[in-house]
Amino acid sequence: MSSIDANRLTAETMIQTVRWVEETGSTNSDALAFSWINESQFPLLIGADRQTQGRGRGTNAWWSATGGLTFSLVIRPERFGIGIEHWPRISLAVGVAAAGTIDRLSRRPMARLKWPNDVYLEGRKVCGILVESAGQRLERLVIGIGLNVNNSLRDAPPELHSVMTSLAEITGETFDRTDVLVQLLQSLESELTALGNLQGSHEQLARFREYCLLTGRFVTVSDPSCDQTGLCLGIDDDGALSLQTEFGRTRCLSGTVRLVDLDPEEIR
Ligand code: BTN
């Protein structure tokens, strides 16, 4: 029996179709395989109580255990008024939705965003997001979200103990996962809609900048072609990360970020 109330998801959020299973490899891989289905079923949500091969950005893996939320959405960005030129901003919009939801749930303004969309609480990662485009169906996008809710990081591999956290660990509370999912999906709909209109997208960028963990910090951005180190100047209007390096100003459109002026108390 599913531990998530699928009826609530379709009644209280934008979701049209829910497929929730106890275990799968990766909900993003499943969602990519389902992305051909008729768009009348979109937004489609594919979720699992446990993933055995959760994927992250680049070479990252996503560790998850019972009590967490791992799910992927298949959406058509056009339905929210988001043109293809704004697709790079979708990652940021999802990050803002996740950070806002986490702040509301923890009842403290403490979430920080590590560009493009990792959410941190007290220096540890609580939520990871993986946005992928669905093969040849270029009008479709998969948004995968892993949020550590009630799972205890004591069960995680030792190397993750100091870098990951969960909502329960931070607040000392246990959450109803359907409630958390409903709030996250409602926030996601509102941020995607905001991105689809001009005024809303300016305000969303301002929210992202308020959450930004990296502005004013020294960082290394790695992508498959190179590593670049410099002072993070902030987020450009198109969502790119702006860096002042020894060779001048540069803009990063993708990549994995590492803080190099590491304060061990602030971020692990
Ligand atoms: C990252 O930290 O780099 C992103 C992690 C994204 C994890 C989520 S969990 C649900 C969905 N399915 C996956 O295989 N990955 C995403």
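The values are calculated or read from the model by the stated rules, or taken from the named source; none is laboratory data. Fair warning: this is a prediction, and the values are worked out from it, not measured in the lab. Cβ coordinates were reconstructed from backbone atoms using ideal geometry, including for glycine residues, and neighbour counts include every protein chain displayed. Just the protein is used for accessible areas: all its heavy atoms, side chains included, with ligands, DNA and RNA removed. Shrake-Rupley method; radii C 1.70, N 1.55, O 1.52, S 1.80 Å.
Key figures for this structure:
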quantity	calculated
Failed item, numbered, when residue 119 is tested on (1) free of Cβ contacts under 8 Å to residues at least 40 places away in the same chain; (2) within 16 Å of the ligand (Cβ to nearest atom); (3) surrounded by fewer than 21 Cβ atoms within 10 Å (Cβ to Cβ)	(3)
Subset of region 93-107 (residues that are modelled with pLDDT of 95 or more and either surrounded by fewer than 24 Cβ atoms within 10 Å (Cβ to Cβ) or within 16 Å of residue 204 (Cα to Cα) (or both))	93, 94, 95, 96, 97, 98, 99, 100, 101, 103, 104, 105
Residues of region 221-244 satisfying the condition of being over 20 Å from the mean Cα position of the chain (by Cα) and surrounded by 13 or more Cβ atoms within 10 Å (Cβ to Cβ)	228, 229, 230, 231, 232, 233, 242, 243, 244
Hits in region 217-237 (condition: of a type in the set (D, E, K, R) and not in a strand (DSSP E or B))	217, 236, 237
Answer residue from region 132-147, given it is more than 10 Å from the ligand (Cβ to nearest atom) and in contact with a strand residue (DSSP E or B) (Cβ under 7 Å, 6 or more places away or on another chain) and is most open to solvent (accessible area, probe 1.4 Å) among those	133
Selected residue (criterion: farthest from residue 77 (Cα to Cα)) from residues of region 213-236 that are out of contact with any Phe, Trp or Tyr (no Cβ under 7 Å at 6 or more places or on another chain) and among the hydrophobic types (A, V, I, L, M, F, W, C)	218
Strands (runs of 3 or more DSSP E) (entirely within region 1-79) containing at least 1 residues that are more than 9 Å from the ligand (Cβ to nearest atom) and open to solvent by 10 Å² or more (accessible area, probe 1.4 Å)	17-24, 44-51
Tally of residues being open to solvent by 50 Å² or more (accessible area, probe 1.4 Å) and without any contact (Cβ under 8 Å) to a residue 40 or more places away in the chain across region 159-215	15
Subset tally (residues that are closer than 19 Å to residue 184 by Cβ and assigned to a helix (DSSP H, G or I)) for region 80-90	3
Any hit, region 248-257, residues being open to solvent by less than 70 Å² (accessible area, probe 1.4 Å) and free of Cβ contacts under 8 Å to residues at least 24 places away in the same chain	yes
